[in-house]
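The values are calculated or read from the model by the stated rules, or taken from the named source; none is laboratory data. Here the structure is a predicted model, which is why all the values come from computation and not from measurement. So basically every Cβ, Gly included, is an ideal-geometry build from the backbone, and we count neighbours across all protein chains shown.
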Amino acid sequence: MKKIISTFLFFLTLISCSKTEFEIKKDNLLRFLDKDAIENIDAVILIPISGCGSCIKEMVSYSLKNLDNKKLKFIIVGLHKKEIYAVYNDINDYKNKLTIDTKLILEGLKMVSTSPVVYLFEKGKIKEEIIINDQNASIIIDRIELLLNTNN
């Protein structure tokens, strides 16, 4: 009987200690970002500049319109600085308004691939991850705008 209870407790401990994929992503994103920079953030938006589809264009367009919004953090993921420069060159001081991941750290951590990803925050903590696609990009942008308007 002791052996059964011990085995049960051992497996219960293993299960309770294991993190979900979402929890691992949250930890990775928080390590990647400056903790002070996310204190008052409502959303972090990862945009793979070399991704495909209209969702990339829509999220890039959204970032261009909202670079000065302190409630949003845009992270551009791309190996080639020329691609990033071509998109954001007309924005004054864009390097200080964006976080640029040319080392593909977030891609290596499986946080982003070819589609943008939005992390919604609440009180400095990540509450939700949304992968953007061609069908939901405008809906998610509307949701981000609603969140921004609600929290102001």
Output for segment 110-131, where each listed residue is charged (D, E, K, R), part of a loop (DSSP other than H, G, I, E, B) and surrounded by 11 or more Cβ atoms within 10 Å (Cβ to Cβ)
Lys110
Scan segment 29-72 for residues that are more than 17 Å from Ala137 (Cα to Cα) and of a type in the set (Lys, Arg) and report the count.
4
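Against the definition (of a type in the set (D, E, K, R) and at pLDDT below 85), how does Lys95 come out, yes or no?
yes
Out of segment 136-152, which residues are in a helix (DSSP H, G or I) and either over 14 Å from Val117 (Cβ atoms) or of a type in the set (Lys, Arg) (or both)?
Residues of segment 136-152 that are in a helix (DSSP H, G or I), as a first pass: 137-150.
Correct list: Ser138, Ile139, Asp142, Arg143, Glu145, Leu146, Leu147, Leu148, Asn149, Thr150.
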Conditions (1) within 14 Å of Ala43 (Cβ to Cβ); (2) under 15 Å from the mean Cα position of the chain (by Cα) -> Asn149 fails only (2)
